[in-house]
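Please read the structure below before turning to the comments.
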Amino acid sequence: MPVAPGLIAELTARGETVGVAESLTGGLVVATLVDVPGASAVVRGGVVAYATPIKHEILGVDAELLDAKGAVDPEVARQMAAGVRIAMSVDGAPATWGISTTGVAGPDPQDGMPVGTVFVGIASANGAEAYELHLDGDREAIRHATVSELLARMSSTLRGRE
């Protein structure tokens, strides 16, 4: 069963909002969410921070971290998620949640990380977490699996806060 409709319904019921920061998924997370009728009530928007400097300039990811570790790192995922909450502020109020993706879709390794290494981030006012994924398949399969894993983890996070 697709996760996105349930996630949108849960966020709507709670009166909560989400902002999305994407790298390897290139907009697939936002596209998946807004495919659900009623998503406009909770999805504030997204940033495709595909180029590493955008992660710093738009999302506020620490430049020294990016220089030292590259874009494929759990702390980068955490900072992207936290940064997009702020970037998606309306009338001074950040989005309730920020979620993020960064990783290696292939076909070549990046920043010393093998293909299929992905970090997804989930942030709220209470802090940010990152989750490491090791995914198999070609570029398309890895990108779609990243979306599924992130949305499933976000749903699980919401269930844990009931």
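Data overview
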{"read-out": "From the options A123, A130, A49, A68, residue that is within 13 Å of the chain's Cα centre (by Cα), farther than 23 Å from S155 by Cβ and at pLDDT 95 or above", "value": "A49"}
{"read-out": "Check on A141, out of contact with any helix residue (DSSP H, G or I) (no Cβ under 9 Å at 6 or more places or on another chain), in a helix (DSSP H, G or I), surrounded by 16 or more Cβ atoms within 10 Å (Cβ to Cβ) and at pLDDT 95 or above", "value": "no"}
{"read-out": "Scope the range 64-77; condition assigned to a helix (DSSP H, G or I) and buried (at least 22 other Cβ atoms within 10 Å of the Cβ); matching residues", "value": "V76, A77"}
{"read-out": "Qualifying residue in the range 109-118 (condition: modelled with pLDDT of 95 or more, part of a strand (DSSP E or B) and in contact with a Ser or Thr (Cβ under 7 Å, 6 or more places away or on another chain))", "value": "yes"}
{"read-out": "Conditions (1) under 12 Å from S23 (Cβ atoms); (2) not in a loop (DSSP other than H, G, I, E, B); number of the one not met by A123", "value": "(1)"}
{"read-out": "Those residues of the range 16-63 which are of a type in the set (G, A, S), buried (at least 20 other Cβ atoms within 10 Å of the Cβ) and closer than 16 Å to A95 by Cβ, in sequence order", "value": "G19, A21, G46, A49"}
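The values are calculated or read from the model by the stated rules, or taken from the named source; none is laboratory data. Model, not experiment: these values are computed from the prediction. So basically every Cβ, Gly included, is an ideal-geometry build from the backbone, and we count neighbours across all protein chains shown.
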